[in-house]
Amino acid sequence: MDDGSGIPDVVVVGAGPAGCGAAVQCARLGLNVKIVDRTGTPGGLVREARLLENYPGLPKNVPGAIFSEFLSDFLENNGLRPARIEVERISREEDYFTVTWSGGSMKARTLVIAVGTRPVGYSPENAEGVTIHRSILPLLEKPPPGVAVIGGGESALDYALNLSDRGSKVVLLVRGSSFRAGGLLAERVLSRPGISVLFETTLSGATPTRNGTVKIRLDSGGVAFYIDVHAVLAAVGRRPIFPETDFRVFRRPGNVETSVPGFFICGDASLGSLGQASIAAGQGVLAGTEASRFIRRGKSWK
Ligand SMILES: Cc1cc2nc3c(=O)[nH]c(=O)nc-3n(C[C@H](O)[C@H](O)[C@H](O)COP(=O)(O)OP(=O)(O)OC[C@H]3O[C@@H](n4cnc5c(N)ncnc54)[C@H](O)[C@@H]3O)c2cc1C
């Protein structure tokens, strides 16, 4: 819709499954929509997934990287492409929002926030000078021969299988006595010859060696021992991102609407933790629908 002001009806922040779902829904409902992402490319976290096996309607299971290309086509087929922008601040004026980034700012009549999650802080003691990877992507370019993966949830198990598929020997370090993830993923990890699982084991130190490996110190039941690996990858939890705003926002996890009219949130950022791509996409469609209702009703916060 064009009200002559040149201000887009909707700006969607984040081009993962949730943001793509929201942006396309807005476009289909006839809104003037812009989508931005700090990477400039669609996909979001799903790019890290080994294989998407539970997204309804896919004719076959596809790696997350391929699914990201589908999302890119999905946007392009609807005349959309994410601008490479990392939103830093959001402010609220009379009857529009302003999103600001290091290089500029943009106004919007409504906002859909679909910024996903970030890894929780993790910095083991006695590991100075050692890179603890928090994303699998840099390791996929040249899979290291030996990798320690830390964590017992779905992401850690997915990472372990992904690296093992590519020939890495994986040691999976799990703090508890069982995985947090269950089902097929756990069965596959436990039956994979290239993956050793160490339960009730924590990493308590890491030192780079002269030959380019990392000597990691592991503690299990009060006993310490050392192994050499080529990389350490931690998947120990994620928490939702919420952008900085100059106004107060109240929201309930899982709800796309917030206490601020015209300000919507969807996907993992709304759910409060790592979710599923299909749930995120569905929530994005819902957020887009609500944004359209808001615009059409001419609702105002004045
Ligand atoms: C290893 C792994 C395996 C997985 N496997 C599956 C699976 O098999 N099936 C499944 O359904 N799900 C899976 N998931 C979960 C799935 O990837 C997420 O639930 C989904 O990507 C969430 O979508 P989202 O759009 O809410 O957030 P995200 O995908 O996290 O997208 C958020 C986007 O926002 C952008 N962004 C963040 N901050 C800003 C900012 N300030 N300004 C601009 N842009 C910003 C990011 O760059 C990103 O592109 C897996 C996840 C992982 C890590």
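Per DSSP helix of 4 or more residues, -39500 (n - 2.57); summed, then divided by the residues of the chain. What does that give at 222 nm, rounded to the nearest 500?
-7500 deg cm²/dmol
Over 22 Å between Cα atoms, which of Lys34/Lys60; Lys34/Lys107; Lys169/Lys215 qualify?
The answer is Lys34/Lys60.
With the calculation restricted to Cα positions, what are the radius of gyration and Dmax of segment 132-234 in angstrom?
12.8, 41
Please report the net charge: other residues with Cβ closer than 15 Å to the Cβ of Pro240, K and R +1, D and E -1.
+3
Can you tell me the 0 to 90 degree angle between the C-alpha axis of helix 154-165 and the longest principal axis of the chain, rounded to 10?
60 degrees
Treating each Cα of segment 83-193 as an identical point scatterer and ignoring solvent, apply the Debye formula and state log10 I(q)/I(0) at q = 0.13, 0.15 Å⁻¹.
Listed by q, the Debye log ratios stand at -0.70, -0.79.
Step by step: find N for the chain, compute 2.2 N^0.38 Å, then divide the Cα radius of gyration by it. What's the final number?
Expressed relative to 2.2 N^0.38 Å, the Cα Rg reads 1.11.
Once the Cα atoms of helix 277-297 and of the chain are each reduced to a long axis, what angle between those two axes, in degrees from 0 to 90 to the nearest 10, is obtained?
Computed tilt is about 20 degrees.
For Asn32, list long-range residues whose amide hydrogen, built 1.01 Å from N in the peptide plane, is under 5 Å from its own amide hydrogen.
Asp9, Val10
Along the Cα→Cβ direction, 7 angstrom out, place labels at Arg84 and Ser178. What is the inter-label distance in nm?
4.6 nm
Quick query: amide H of Leu52 versus all other amide H atoms, modeled in the peptide plane; which residues come in under 5 Å with a sequence gap of 5 or more or a different chain?
Distant-sequence amide H within range of Leu52: Val62, Gly64.
Positive end of the charge dipole of segment 132-234 (Lys, Arg +1 and Asp, Glu -1 on Cβ, about the Cα centre): tell me which of Ala206, Leu233, Ile195 has its Cα farthest that way.
About the Cα centre, the residue reaching furthest to the positive side is Ala206.
So between Leu137 and Ala224, what do we pick up on full extension, going 0.36 nm a residue minus the alpha carbon distance?
Here the answer is 28.3 nm.
Read-outs: derived from the displayed coordinates by stated rules, not from any lab. Computed from a prediction, not measured in an experiment: that's the story for all the values here. Virtual Cβ from ideal backbone geometry, glycine too; neighbours counted across all protein chains shown.
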